[in-house]
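What follows is a short report on a single structure.
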Amino acid sequence: MANRSGRREAGSTAREDILQAARDLFAKNGFGNTSLRAVATRAGVDVALIPYYFGNKRGLFVAALELPVDPGAMIAAAVPGPRTGLGVRLVTAFLTTWSSPDTGPAIQAFMRTAITDADIARVVGEFASTAMLPQLCSQAEVSEDTARALAAQLFGLATLRYLIGAPAFRAPTVDELVATFGPRLQAVIDLD
């Protein structure tokens, strides 16, 4: 099918076609090896429709995997402010997302699937490594080692609290966990 320029007519399935092509290619090639042009070609659409619908490759990835929140947007919202409060802001944003009735159930279900499905785990792992960690390094002005340590602590906390339901992590309120883990994340940031 030849790519067509411009928007499709009313009743078009372009958005859905793009999402299906993206799901297929992300699963097959991973995040880093999937180009917007390849997605457009597979979907039979002009590549300009992808930014129109999804903003960028990260936005397409979030939509294709039906993530309830854009992790990049969460990082971007948590970073601004004094460096001395970054640990608290990061753990607050992370736990708020995981505990919100609007996003929590969906992200918990998604992460359970990612843990048990090797193909999804591979794609999510690559996305975290090639898109999210570099964004955290750049925006928070931390080293790659520090970004990895922060991600490990945040995902470990979320896994123990929301996926495993360990009593020592489930019993405290979000505010109590922020008070406990915010300074510890800050200590890692301050080592950088």
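For segment 98-113, enumerate the residues that are over 19 Å from residue 125 (Cβ atoms) and free of Cβ contacts under 8 Å to residues at least 40 places away in the same chain.
100, 101, 102, 103, 105
Is segment 85-95 home to any residue that is in contact with a helix residue (DSSP H, G or I) (Cβ under 6 Å, 6 or more places away or on another chain), among the basic types (Lys, Arg) and assigned to a helix (DSSP H, G or I)?
For segment 85-95, residues in contact with a helix residue (DSSP H, G or I) (Cβ under 6 Å, 6 or more places away or on another chain), among the basic types (Lys, Arg) and assigned to a helix (DSSP H, G or I): present.
Could you tell me which of the residues 37, 42, 83, 23 is farther than 25 Å from residue 106 by Cβ, touching a residue at least 40 places away in the same chain (Cβ under 8 Å) and not β-branched (Val, Ile, Thr)?
It is 83.
Out of all the residues in segment 175-185, which are loosely packed, with under 15 Cβ neighbours inside 10 Å and touching a residue at least 24 places away in the same chain (Cβ under 8 Å)?
183, 184, listed by residue number.
Quick check: anything in segment 129-139 assigned by TED's automatic domain parsing to the domain that holds residue 93 and more than 24 Å from residue 33 (Cα to Cα)?
The answer is no; no qualifying residue exists.
Show me the helices (runs of 4 or more DSSP H) entirely contained within segment 8-66 in which 1 or more residues are surrounded by fewer than 17 Cβ atoms within 10 Å (Cβ to Cβ) and among the polar types (S, T, N, Q).
Passing ranges, in order: 14-29, 36-43.
Run residue 79 past the list (1) surrounded by 17 or more Cβ atoms within 10 Å (Cβ to Cβ); (2) farther than 17 Å from residue 177 by Cα; (3) under 14 Å from the mean Cα position of the chain (by Cα); (4) not basic (Lys, Arg) and report the number of the one that doesn't hold.
(3)
Each row is one residue, and each column tells you yes or no for (1) within 25 Å of residue 24 (Cβ to Cβ); (2) of a type outside the set (Val, Ile, Thr); (3) outside any helix (DSSP H, G or I).
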{"position": "111", "(1), (2), (3)": "yes, yes, no"}
{"position": "121", "(1), (2), (3)": "yes, yes, no"}
{"position": "124", "(1), (2), (3)": "yes, no, no"}
{"position": "146", "(1), (2), (3)": "no, no, no"}
{"position": "154", "(1), (2), (3)": "no, yes, no"}
{"position": "177", "(1), (2), (3)": "no, yes, no"}
{"position": "182", "(1), (2), (3)": "no, yes, no"}
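Please specify each residue of segment 1-35 satisfying the condition of being at pLDDT 90 or above and farther than 30 Å from residue 133 by Cβ.
If the condition is that a residue be at pLDDT 90 or above and farther than 30 Å from residue 133 by Cβ, then 13, 14, 16, 17 are the ones that fit.
In segment 36-57, what residues are among the polar types (S, T, N, Q) and either modelled with pLDDT of 95 or more or more than 22 Å from the chain's Cα centre (by Cα) (or both)?
Listed by number, the list holds a single entry, 41.
All but one of (1) buried (at least 18 other Cβ atoms within 10 Å of the Cβ); (2) of a type in the set (Ser, Thr, Tyr); (3) in contact (Cβ under 8 Å) with a residue 60 or more places away in the chain hold for residue 146; state the number of the condition that does not hold.
For residue 146, the failing item is (3).
The values are calculated or read from the model by the stated rules, or taken from the named source; none is laboratory data. The structure displayed is predicted, hence computed values, not measured ones. Glycine gets a Cβ as well: all are built from the backbone with ideal geometry, and neighbour counts include every protein chain shown.
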